[in-house]
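Report on the structure given below.
Every number in this text was worked out from the coordinates using simple rules, so none of it is lab data. Quick caveat: nothing in here was measured; it's all calculated off a predicted structure. Cβ atoms come from the backbone with ideal geometry, glycine included; neighbour counts cover every protein chain shown.
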Amino acid sequence: MNIIQTIGLGKAYGRTWALRDCTLAIPEGHVVGLVGPNGAGKTTLLGLATGLLAPTCGTITVLGERPAAGSAQLAQVGFVAQDTSVYARMTVADHLRLGAWLNPGWDGELARRRIGELGLDPKQRAGSLSGGQRAQLALTLAMAKRPGLLILDEPVASLDPLARREFLRGLMETVAERGLSVVLSSHLIGDLERVCDYLIVLVASRVRIAGEVSELLAAHRRLSGPRRDLRTLPAGQEVVEESHTDRQTVLLIRTGEPVNDPAWTVTPVSLEDLVLAYMSQANDTPARRSPLGVAS
Amino acid sequence: MIRLTLRQFRTQAWIAAAALAAIATTFLVTRPPLSNMYSASGIAACQASNDCGRLAASFIIQVRADAAYPVLYAAGVLIMFLVPAIIGMFWGAPLIARELEDRTYRLAWTQSVTRTRWLAVKLGLLGLAAMAITGLFSLIITWWASPLDRAATLGSPILANRMMPLLFAGHGIVPIGYAAFAFALGATAGALIGRTVPAMAVTIVIFAAVQLIMPNFVRPHLIPAAHTTVAVSAGDANWVAVGNGLLITGKAAIPGAWIFSESGHVYTGPAIQILKTCYNGPTSTPACGSAFASLHAQMLLAYQPASRYWPLQAYETAITLALALALAGICFWKIRRRLG
Amino acid sequence: MIEFQLDETSGVATYLQLAQQVHQALRMGMLEPGDRLPTAQQVVAKLAINPNTVHKAYRELEREGLVRARPGLGTFVARVPSGPDPATQTRFLTAITDWLRSARAAGLGPDDIEAIYRTAFRNCFAEGVA
């Protein structure tokens with residue numbers, strides 16, 4: 001089953017489209033990385049998935065139902081918002097009570113244990129916690145309701161490296177323990193590389209590429225060799241990114257078959273390079289490319 | 001959800017309880033002397049209306065001799081106007097606006113409770129609490145003022161009676177309706193504006209406007225007004241020139257009633273020429289007196305009699321409750337269509 | 001129990017790194033048949049990686065016949081990979097250590113040594129590159 005399925009999903013504010021033509025079928029049991037620059041539409045997509053936003057056009061189903069369709073569907077999805085939202089004047093213990101009161105599936109034991117392991121003082125007001133502690137509190141709240149899907153919007157953006165590693169560690173431990181699906185967004189692929197096995201690249205309100213990381217890495221290659229005209233490439237090779245000097249051409253291509261041309265030196269592509277290539281492809285408009293394919 | 005609502009409401013609840021305790025103590029403590037004066041005045045047993053009017057007037061003069069009582073009476077009425085306004089601003093406006101402003105809705109609306117249920121419990125529980133506490137305030141203050149209100153109803157010209165615009169919404173059950181209305185108004189303003197302080201400002205402005213509109217445009221017509229014609233007495237007569245005639249009006253007094261419209265007539269003729277020279281009124285000279293008497297001047301009054309006090313209270317409360325429900329409906333609509 | 005490390009800069013997929021480390025441990029004699037590999041949860045607790053990666057590594061090892069997954073009990077080493085025995089391993093380890101020492105004595109720095117090594121390696125295994 002697909003945890004999230006969208007068909008032609010779009011969201012507009014007035015005349016500006018925050019997200020458009022979004023068609024995805026995300027399988028369950030994965031840690032999904034949603035990557036894109038700020039303003040690309042990641043928060044919009046996650047807002048649509050949690051039911052906090054309503055689509056302008058197209059459809060989205062989460063765990064088979066419309067988002068926020070009822071309390072049963074809401075119970076299945078946990079959400080950690082960007083700049084984690086907690087009630088500043090309520091204590092940590094109050095937040096756990098909030099979780100217990102509002103979620104029939106609440107695992108109080110898990111929540112208490114996690115708070116203890118994190119070293120949070122139950123009597124401390126959430127507003128006086130550090131950024132990392134607030135993020136961990138929000139994650140605890142989302143996890144303890146025992147959802148089938150966890151959605152996190154830029155959860156580590158404002159955390160220092162140690163807090164970042166701790167956050168991801170806690171998250172992955174829960175995934176290992178309970179096999180839930182996770183969707184994580186970030187504007188840095190470096191944050192997500194360790195943990196994602198499914199990738200979506202979102203740039204300028206459109207999905208550029210989506211798929212399992214292992215398949216994406218297997219389907220992309222870096223080719224470097226003497227300078228040549230791109231029209232001589234075989235049909236199955238789609239150029240994602242190109243750069244030329246007067247003597248050399250370096251391409252990042254997407255292909256289903258092995259590259260047999262001996263003129264090319266073929267090397268694998270790292271996830272970071274792949275994401276950067278699709279991001280810069282999105283920024284190139286056709287007008288910037290001359291017939292010989294020289295990037296300006 | 002109920003427990004969460006109560007937890008989030010803790011501070012406001014304590015403040016309300018403390019205010020109620022303070023008010024209750026003050027008014028309870030000052031009531032016995034008032035009760036004593038009232039029983040001593042004999043108003044309770046009076047039958048003939050002339051007698052009652054006189055007894056009521058002397059009772060009120062006696063009460064006024066102690067400077068504290070008029071102040072307490074006025075304070076009581078003022079409190080009953082302020083309580084709904086404060087509820088609207090401090091219970092209603094932050095209800096949704098704060099969640100939107102602080103962005104905590106992203107936590108609140110992603111638990112296992114639908115937005116509809118979340119709002120229904122918050123509006124319902126706190127709306128009922130608003131009505132209950134306002135009811136308690138009104139119970140204490142109306143009960144405290146009841147001797148004075150009874151005396152004024154019997155026809156003292158010194159004290160305005162409880163039917164009159166400034167006092168009507170200060171006693172009885174009407175404040176309960178206004179509390180519900182102000183609360184719903186605050187919540188809706190918060191939902192539509194999305195920020196607490198502007199929502200508070202809008203709430204108080206609209207609430208004040210409604211408090212001006214109701215007595216002037218709505219309340220007179222809630223029950224078709226009673227009409228009567230009274231003679232203008234020489235001692236009370238006033239006139240202004242209109243064309244070549246005089247518009248003559250006087251003072252009207254109907255015990256315990258709210259007279260909201262007095263219309264005099266324009267009189268013409270020879271008597272008018274005489275009256276135009278009477279600068280001190282009809283009593284200046286005997287000639288003025290007989291010229292005035294020949295007119296048999298009358299006024300048409302539109303009024304709500306004292307007997308309609310509770311029906312008017314009931315209708316106005318029903319209207320404010322209906323407005324509150326309509327506003328609540330707008331709240332639900334806005335929340336469900338969130339977010340922009 | 002084996003302790004996994006992760007080299008993020010190596011460009012090698014994580015699951016392959018884990019599998020390689022198991023291979024090496026087996027060759028060096030640090031893991032023996034019957035030993036239990038860490039659970040996904042244990043690996044994740046240390047490395048903060050996706051548990052699917054651990055499962056993928058263990059599946060790969062199982063495909064090679066080196067380990068066997070016993071449901072509810074864990075993943076256990078089945079056999080040692082065919083290949084040079086520890087004695088042969090030690091012989092070549094000694095030989096290359098001697099070579100490195102003499103290279104350093106001759107004044108070669110780490111980068112020079114690495115360049116020489118990579119050229120020789122590539123020449124030796126050239127047919128394998130796609």
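For the range A:213-279 and the range B:84-122, write down the distance between their C-alpha centroids in whole Å.
Distance between centres, Cα-based: 53 Å.
Assuming R0 = 22 Å, what is the FRET efficiency of A:GLN248 and A:ASP273, from their Cβ-Cβ distance, to the nearest 0.05?
Efficiency, from the Cβ-Cβ distance: 0.80.
Counting Lys and Arg as +1 and Asp and Glu as -1, each charge on the Cβ, what is the dipole of the range C:86-128 about the Cα centre in debye, to the nearest 20?
Computed charge dipole of the range C:86-128: roughly 140 debye.
Summing -39500 (n - 2.57) over the DSSP H runs of n ≥ 4 in chain A and dividing by its residue number, what mean residue ellipticity at 222 nm do you reach, to the nearest 500 deg cm²/dmol?
Values: 9 runs with 93 residues, N = 296.
It comes out at -9500 deg cm²/dmol, rounded to the nearest 500.
Quick check: residue separation of C:THR94 and C:ALA78 times 0.36 nm, minus the Cα distance between them. What number comes out in nm?
Extra length available between C:THR94 and C:ALA78 comes to 2.9 nm.
To the nearest 10 degrees, how steep is helix B:196-213 against the longest Cα principal axis of chain B, on a 0 to 90 scale?
For helix B:196-213, the angle is close to 30 degrees.
Identify, among B:ILE140, B:TRP109, B:LEU125, the residue whose Cα sits farthest towards the positive end of the charge dipole of the range B:84-147, taking +1 on the Cβ of Lys and Arg and -1 on the Cβ of Asp and Glu, with the dipole about the Cα centre.
B:TRP109
Calculate the dipole size of the protein assembly as shown relative to its Cα centre from +1 charges on Lys and Arg beta carbons and -1 charges on Asp and Glu beta carbons; express the result in debye to the nearest 20.
So the magnitude is around 1660 debye.
Taking Rh as the Kirkwood radius computed over C-alpha pairs, what is the Stokes-Einstein D of the protein assembly as shown at 37 °C in a medium of viscosity 0.692 mPa s, expressed in µm² per second?
Value of D from the Cα-based Kirkwood radius: 97 µm²/s.
Given a cut-off of under 8 Å on Cα pairs at least six residues apart, what relative contact order in percent is computed for the range A:215-288?
This gives 39 percent for the range A:215-288.
Mind jotting down the three principal axis lengths of the range A:2-204 based on Cα atoms? Whole angstrom, largest first.
The Cα atoms of the range A:2-204 stretch 46, 36, 34 Å along the principal axes, largest first.
So, with +1 on the Cβ of K and R and -1 on the Cβ of D and E, and no other charges, what is the size of the charge dipole of the range A:91-191 about its Cα centre, to the nearest 20 debye?
On the way: 13 positive and 12 negative charges, 53 e Å.
Using only the charged Cβ atoms, the result is roughly 260 debye.
Count, for each residue of A:69-78, the Cβ atoms from other chains sitting within 10 Å of its Cβ, then give me the mean as a whole number.
3
How far is it, in nm, from the label point at A:LEU162 to the one at B:SER261 when both lie 7 Å from their Cα along the line to the Cβ?
Rounded to a tenth, the inter-label distance reads 8.0 nm.
Using a cut-off of 14 Å between beta-carbons, work out the net charge of the residues near B:PRO147 (Lys and Arg +1, Asp and Glu -1, B:PRO147 not included).
Net of charged neighbours comes to +2.
Which of the residue pairs A:LYS42/B:LYS122; A:LYS11/A:LYS42; A:LYS11/B:LYS334; A:LYS123/C:LYS46 have a Cα-Cα distance greater than 22 Å in the structure shown?
Numbers: A:LYS42/B:LYS122 31 Å; A:LYS11/A:LYS42 12 Å; A:LYS11/B:LYS334 18 Å; A:LYS123/C:LYS46 30 Å.
Beyond 22 Å between Cα atoms: A:LYS42/B:LYS122; A:LYS123/C:LYS46.
Would you work out which of C:MET1, B:ALA324, B:TRP310 lies farthest towards the positive end of the dipole of the protein assembly as shown? Charges go on Cβ: Lys and Arg +1, Asp and Glu -1.
Working it through, the farthest residue towards the positive pole turns out to be B:TRP310.
Note down, for the range C:1-110, the three equivalent ellipsoid semi-axes (square root of 5 times each alpha carbon gyration tensor eigenvalue), biggest first, whole angstrom.
Values: eigenvalues 186, 70, 22 Å².
Value: 31, 19, 10 Å, ordered largest first.
Test of the criteria: in the range B:235-307, which chymotrypsin sites (Phe, Trp or Tyr not before Pro) are in a DSSP loop and have at most 14 other Cβ atoms within 10 angstrom of their Cβ?
Working: sites: B:TRP239, B:TRP258, B:PHE260, B:TYR267, B:TYR279, B:PHE292, B:TYR303; in loops: B:TYR279.
For chymotrypsin sites (Phe, Trp or Tyr not before Pro) across the range B:235-307 that sit outside H, G, I, E and B with at most 14 neighbouring Cβ atoms in 10 Å, the list reads B:TYR279.
By how many degrees, between 0 and 90 and to the nearest 10, does the Cα long axis of helix A:131-144 differ from the longest principal axis of chain A?
80
Which net charge results for the neighbourhood of A:GLY58, defined as the other residues with beta-carbon distances under 15 angstrom from its beta-carbon, given Lys and Arg at +1 and Asp and Glu at -1?
+3
Rounded to the nearest 0.05, what FRET efficiency do A:SER224 and B:ARG337 have when you use their Cβ-Cβ distance and R0 = 56 Å?
On the way: r = 54 Å, r/R0 = 0.96.
The pair A:SER224/B:ARG337 has a calculated efficiency of 0.55.
For all pairs of alpha-carbon atoms in the range C:86-128, what percent lies in each bin of width 10 Å, listed from the first bin to the last filled one?
25, 42, 31, 2
Compute for the range A:102-202: radius of gyration divided by Kirkwood radius, i.e. Rg/Rh, restricted to C-alpha atoms, rounded to two decimals.
Ratio of gyration radius to Kirkwood radius for the range A:102-202: 0.95.
Quick one: check the C-alpha center-to-center distance for the range A:113-191 versus the range A:39-57, whole angstrom.
Here the answer is 21 Å between Cα centres.
Taking 8 Å as the Cα distance limit and 6 or more residues as the minimum spacing, I'd like the relative contact order of chain B as a percentage.
Worked out over chain B, it gives 21 percent.
If I take R0 = 35 Å and measure r between the Cβ atoms of B:ARG3 and A:THR56 in this structure, what FRET efficiency does the formula 1/(1 + (r/R0)^6) give, to the nearest 0.05?
0.40
Among DSSP beta bridges lying fully in the protein assembly as shown, give the percent that are antiparallel, nearest 5.
Percentage antiparallel, nearest 5: 80.
To the nearest 10 degrees, how steeply does helix A:92-102 sit against the main Cα axis of chain A, on a 0 to 90 scale?
So the inclination is approximately 90 degrees.
Kindly put A:VAL213, B:VAL266, C:VAL44 in sequence by how many other C-beta atoms sit within 10 Å of each C-beta, fewest to most.
Working: A:VAL213 23, B:VAL266 15, C:VAL44 26.
So the residues, fewest neighbours to most, are B:VAL266, A:VAL213, C:VAL44.
Counting Lys +1, Arg +1, Asp -1, Glu -1, what net charge surrounds A:ARG254 among other residues with beta carbon under 12 Å of its beta carbon?
That works out to -1.
Please report, to two decimal places, log10 I(q)/I(0) for the range B:162-211 at q = 0.30 Å⁻¹ as given by the Debye formula with identical point scatterers on the Cα atoms and no solvent.
-1.07
Starting from 0.36 nm per residue, how many nanometres of slack lie between B:ALA231 and B:ARG195 once their C-alpha separation is accounted for?
Residue separation times 0.36 nm, minus the Cα-Cα distance, leaves 7.2 nm.
What three numbers, in Å, describe the spread of the alpha carbons of the range B:232-287 along their principal axes, ordered from the longest?
Reported extents, whole Å, longest axis first: 37, 25, 14.
Select from the range A:1-75 those trypsin sites (Lys or Arg not before Pro) which occupy a DSSP coil region and have at most 15 other Cβ atoms within 10 Å, ordered by residue number.
Listed in order of number, the matching sites are A:ARG15.
Within the range C:1-93, which GluC sites (Glu not before Pro) sit in a loop by DSSP and count at most 15 neighbouring Cβ atoms inside 10 Å? Let's see the in-between values first.
Values: sites: C:GLU3, C:GLU8, C:GLU60, C:GLU62, C:GLU64; in loops: C:GLU3, C:GLU8, C:GLU64.
Filter output for the range C:1-93: C:GLU3, C:GLU8, C:GLU64.
Would you order C:LEU37, A:LEU233, A:LEU171 from fewest to most other beta-carbon atoms within 10 Å of each residue's own beta-carbon?
Ranking C:LEU37, A:LEU233, A:LEU171 by Cβ neighbours within 10 Å, fewest first, gives A:LEU233, C:LEU37, A:LEU171.
Starting from 0.36 nm per residue, how many nanometres of slack lie between A:LYS123 and A:VAL239 once their C-alpha separation is accounted for?
Values: separation 116, 0.36 × 116 = 41.76 nm, distance 5.67 nm.
That pair, A:LYS123 and A:VAL239, stretches by 36.1 nm at full extension.
Would you give the gap between the C-alpha center of the range B:133-186 and the C-alpha center of the range C:60-75, rounded to a whole Å?
82
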